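Notes for the one structure printed next.
The values are calculated or read from the model by the stated rules, or taken from the named source; none is laboratory data. Since we're looking at a predicted model, the values are computed, not measured. All Cβ positions, glycine included, derive from the backbone under ideal geometry; neighbour counts span all protein chains shown. Protein only, heavy atoms only, side chains kept; ligands, DNA and RNA dropped before computing areas. Shrake-Rupley method; radii C 1.70, N 1.55, O 1.52, S 1.80 Å.
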Amino acid sequence: MKLHEYQSKQLFREYGIPVPLGKPARSIREALHYAKEVEGQGWVVKAQVHAGGRGKAGGIKVTRSLEELEDIVRGMLGTRLITNQSGASGQPVSCVLVEAITPSVCELYLGLVIDGACRRIAVIASTAGGVDIEEVAARQPDKIYTVTVDPTLGLKGFHCRRVGFSLGLDEKQRKQLSQIMDALYRLFIDKDLTQIEINPLIVTEGGDLEALDAKIKIDDNALFRQPDLAQWRDPTQEDPKESAAKRFDLNYVALDGDIACMVNGAGLAMATMDIIKLHGGEPANFLDVGGNTTTEKVSEAFKLIVSDRQVRAILVNIFGGIVRCDLVAEGIIKAVQQVGVGVPVVVRLEGTSVELGREFLTQSGLPIITAHDLAEAAQKVVDAARASR
């Protein structure tokens, strides 16, 4: 789960990480009220969306007059911001962050992520702050410094000193960096995070470090331990189908193709998408209904699938290990009848009670295409999608 910048900075403040003065606003009136409270050389208005690249897309603007601030906020709220990370439709802007301008002499990058390869937390730092870290990695890899932290030992002073020296900080700044890194590490562990990013971490004109930006991602699987943070979820920033899937414990990711998939098991789902591609088709989604598939979950899965107007055919690929194929077949029949599926449906069942499941599908009287193996199912669904275009 992603947090907005203003939410991330609220956590930063709680952990003693220095951030600029600022508040979120959901109306022009609120924005002007907060701006008047913040003294300084002017204000920065930031669109609050779950996408990077806001500055290049006009989602971050600087002003020194209240009149211009009002125009900026009016031009942001209620619009959709399209960035290089948002997708073609962009993300809705329902909130802006109004902050005081903080002059800087240097922009750095600091982040924490989980390094799955070595099973440690990686601290990533760079002197090339203020730009996408992916661009730095591709063009100037020598400007990225990484330290991995053994979770059994935790973050130590030597980790912080190494990062401080790599960034070229003076003694006072290295001490501040150690405090910031210690706070970030505690926050990372305490809140079950998968990513923290400060881009940029600035050196102010007074020579102090300050987090000018903040990005946080939380492990969805740990949200039951973080009920307060779970309440910060912003469903308007998520794909509506993906949000609906979460309510029914379905693992759904929207894709760009026209062949919808419904599969039980993530590995089987990946294999199903691969074989669709192999036969010349394009998957419209990743949809794992899980091992404990029920009639209700199958029905909800079909509702999600048919809500995608680009879908031209559906492939259901179920292996009945924990779940019985006859129960899955009943769910498919019920779902097709209730939802009113208007595109071809190809079903491949295998496993427990598979013969009974296939018999149910055959006797249902519904236009369901059956297949005995995955290759046959893939070819049939690709042909059906082409025929319905």
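Numbers for the structure displayed
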item: Tally, over the stretch 53-90, of residues that are open to solvent by less than 10 Å² (accessible area, probe 1.4 Å) and of a type outside the set (S, T, N, Q); result: 4
item: Enumerated strands (runs of 3 or more DSSP E) restricted to the stretch 283-370, each holding at least 2 residues that are over 27 Å from the mean Cα position of the chain (by Cα); result: 313-320, 345-351
item: Matching residues in the stretch 259-282 - criterion: being outside any loop (DSSP other than H, G, I, E, B) and open to solvent by less than 10 Å² (accessible area, probe 1.4 Å); result: Ile259, Ala260, Cys261, Met262, Val263, Ala269, Thr272, Ile276
item: Residues of the stretch 201-258 classified as open to solvent by 30 Å² or more (accessible area, probe 1.4 Å), free of Cβ contacts under 8 Å to residues at least 60 places away in the same chain, assigned to a helix (DSSP H, G or I) and closer than 23 Å to Tyr185 by Cα, total; result: 5
